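The next block holds one structure in the form of C-alpha cells; read it before the comments.
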Amino acid sequence: MAAHTPRTTGTPEGSERAPGLRERKKQQTRYALIQAAHVLFLRQGFAHTTVDEIASAVDVSQRTFFRYFANKDEVALAVMAVAEDYFIECLRLRPAEEAPLQALRASIVKAWRDLGSEEASGPGSIHSALELMRMIEETPPLLAAHLRRVTEQERLVIQVLAEREGLDPAEDLRPAVLAAVFGSLLRSAHLSWSAEHEPAGPEGMVAVIERYFDQLGPALAGHWRGPA
C-alpha cells in the first residue's frame, strides 16, 4: 500500500511552519500505517489483525512499526487522536472574549466540520473516526485504551481553559468541572449516535452534539418537573 498523507483542510491559523523532507517522510509512513491498520481492522476485526499484517500492508518491517506505535491499540486510536489534537488546537485559538463553554462548543463543532469536509481524507478525517467509534464500543481492549486517552485529553482541556481564563486549576475547580461535563456530554452524544443510528456523516454527529449542548443549561440549572 502506498504511503498516504491525509488532507485535513490544514491546521488552524498560527500553526508552525511546514516540516522538512525527512520529517514529511516520517509523517507519511506514520499516516500510511494508521490508514492500513484502520482498513484491516474494519475488514477483519481488531482481534484478528496482527502487527505483521499492518506493517506488510505498508511494506515496512515490524521493527519500523514499533518505532511509531507501541502496540495495536495505539495505532487503532491514532485515528481519533488526530481529530482530538485538532480540537485542542482549535480551542487554543478561540477568541479570548468567548465564555469557556461557548469556546468548547465552537471548537468541537469546528473540528468536526473541518475534518469532515469533502477535502478531508485519510486517518485525520472524521469519516475515519466515525467508522472507528462503533468498533471501539464493540472491542473491550480498545474501549479501555480509548477511555484512558479521554482522561488524558480532559487534562489538556483543563490546562487550556485555565490558561485562557488566567486561573490556577489547582486552586480554581471550574476548569476541571467544565472539562468533566464536556467530556461526559461528548461521550453521551457519541453513544447516542452509535446506538440510535443517527444520520450518517459528520453533520449527523454535529447535530447530535449540538442537541446535547442545547440541553446542558436546562439540565444543570433548570427545574425538571413540570407543573403538577
task = Pull up the cross-link candidates among the lysines for LYS72, meaning alpha carbon to alpha carbon under 26 Å and not fewer than 8 places away within one chain.
result = LYS25, LYS26
ask   = Percent of accessible area on region 48-168 owned by carbon and sulfur, 1.4 Å probe?
value = 50
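For a Förster distance of 25 Å, can you work out the FRET efficiency between the beta-carbons of VAL150 and HIS223, rounded to the nearest 0.05? Intermediate values should be presented prior to the final figure.
Working: r = 31 Å, r/R0 = 1.25.
The formula returns an efficiency of 0.20 here.
Leaving ligands, DNA and RNA out of it, rank SER107, SER117 by accessible area with a 1.4 Å probe, largest first. Walk me through the numbers on the way to the answer.
Values: SER107 0, SER117 25 Å².
Putting SER107, SER117 in descending order of accessible area: SER117, SER107.
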query = Under a point-charge model restricted to the Cβ atoms of Lys and Arg (+1) and Asp and Glu (-1), what is the dipole moment magnitude of region 40-149 relative to its Cα centre, in debye to the nearest 20?
reply = 220
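How would you order 148-154, 56-62 from highest to lowest mean count of nearby Cβ atoms within 10 Å?
Highest to lowest by the protection proxy: 56-62, 148-154.
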inquiry  = If you count only protein heavy atoms with a 1.4 Å probe, what accessible area per residue comes out for region 46-98, rounded to a whole Å²?
reply    = 49
inquiry  = What does the extension gain come out to for THR50 and ALA70, with contour length at 0.36 nm per residue minus their alpha carbon separation?
reply    = 5.9 nm
inquiry  = Give me the percent relative contact order of region 77-158, please, defined on Cα pairs under 8 angstrom at least 6 residues apart.
reply    = 34
key: Over region 47-190, volume per residue of the alpha carbon convex hull, in Å³   = 127
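The values are calculated or read from the model by the stated rules, or taken from the named source; none is laboratory data. Note that this is a predicted model, so its numbers are computed, not measured. Counting neighbours? That spans all protein chains shown, and the Cβs are built from the backbone with ideal geometry, glycine included. Only protein heavy atoms, including side chains, enter the accessible area calculation; ligands, DNA and RNA are left aside. Shrake-Rupley method; radii C 1.70, N 1.55, O 1.52, S 1.80 Å.
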